[in-house]
Each structure stands twice: as C-alpha cells, then as structure tokens.
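The values are calculated or read from the model by the stated rules, or taken from the named source; none is laboratory data. As the structure is a computational prediction, the values presented were derived from the model and not from experiment. Positions of Cβ are backbone-derived with ideal geometry, glycine not excepted, and every protein chain shown enters the neighbour counts.
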Amino acid sequence: MSIIGTRVYHYNIQDYGLEQIKEGDYSVFFAKAAINQEMIALAPISFVWSAIFQRSKWKYQQRAYRYCYLDVGHIAAHLSLAAIELGLETCQIVAFYDNKINDLLNVDGKEDSVLYLSLVGFPK
Ligand SMILES: Cc1cc2nc3c(=O)[nH]c(=O)nc-3n(C[C@H](O)[C@H](O)[C@H](O)COP(=O)(O)O)c2cc1C
C-alpha cells in the first residue's frame, strides 16, 4: 500500500511503518493517471492498494489473483467505514491507467501491481 498526499509513502508491512518514496506534490500527476478525475488532485490523502502476487500465489496458486482482488475490496470497505466514523468523506476509484500508477510507485505491474485507489477527504 502507498499513500499519496504532498509526498508519496510506502507502507512497509515488516516494520509497520511508512517510508517516503517520493518528495514533492504528485497530486496532479496522480489525477492524470486516473483519467483526469479532478477529485484525486483535490483529495488531502489517497491510498493506493497494490499487491505482490507471489505472497498469495505460493499458497493459493491460480486462485491467488481472486483472493488479492477480494482482499483489496474488503480493505477499501473497512477504510471507508473508518473514514465515515471519523466524519470524513471517501471515494473508491478503479478507473486509472495501471502503468502510470505503477510507474509512480516504481513497481513492475506484473509481479507487483496497483489494484485499487481510495481517496479520503473532508466533507463539503
Ligand atoms: C469498485 C468501484 C470502483 C469505483 N470507481 C470509481 C471511479 O473510478 N470514479 C468515481 O468517480 N467513482 C468510482 N466509484 C464510485 C465511488 O466510489 C462511490 O461509490 C460513488 O461516487 C457513490 O458515492 P456516494 O454514495 O457517497 O455518493 C467506484 C465504486 C466502486 C465500488
């Protein structure tokens, strides 16, 4: 998982911490990579859900992709519930150019790929 605000972070699952992977404001680039959906540039924080497929494939083999996509749907749903509980708005996004987001995150799009995006922001 990565987080994009005015910086881009990767969530390191081994030490449960964020590591910065890019400095600077990538919000407009990110919105363009998601077919120019303006709300993406405006969101204070965006979550990019990605998967390293081998982490599921070693166990679930050809069913691994199904599980990755089911998992990310559940994760985004829980993020959505947490955001609403905090009085925030959220929007789930699946319309994006995979390659552009993968390039932004420095992942290859084959063994490690973006699956889904979640935006979180303040209510109007
Ligand atoms: C799998 C999935 C993908 C979605 N992709 C997009 C998207 O790319 N762009 C978008 O504006 N809304 C997308 N939506 C819809 C929004 O996440 C949201 O559900 C919708 O805007 C209705 O929100 P509301 O009930 O708060 O008005 C998607 C929803 C789902 C479940």
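Restricting attention to region 88-115, the residues being away from the ligand (no atom under 13 Å from the Cβ) and part of a strand (DSSP E or B) number 2.
Within region 55-75, is there a residue that is touching a Lys or Arg at 6+ places or on another chain (Cβ under 6 Å) and small (G, A, S)?
Yes, the conditions are met somewhere in region 55-75.
Residues checked against (1) surrounded by fewer than 12 Cβ atoms within 10 Å (Cβ to Cβ); (2) at pLDDT below 95; (3) over 20 Å from F122 (Cα atoms):
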| position | (1), (2), (3) |
| --- | --- |
| I4 | no, yes, no |
| I21 | no, yes, yes |
| I45 | no, yes, no |
| I52 | no, no, yes |
| G73 | no, no, yes |
| C91 | no, no, no |
| Y97 | no, no, yes |
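When region 103-117 is examined, which residues are found to be touching a residue at least 40 places away in the same chain (Cβ under 8 Å), under 15 Å from F29 (Cβ atoms) and out of contact with any helix residue (DSSP H, G or I) (no Cβ under 7 Å at 6 or more places or on another chain)? Residues satisfying the conditions are L105, N106, L117. Candidates in region 23-36 are the residues that are over 15 Å from the mean Cα position of the chain (by Cα) and outside any helix (DSSP H, G or I); of these, the one that is nearest to the ligand (Cβ to nearest atom) is I35. Note on region 37-67: residues that are more than 14 Å from the ligand (Cβ to nearest atom) and in a helix (DSSP H, G or I) amount to 14.
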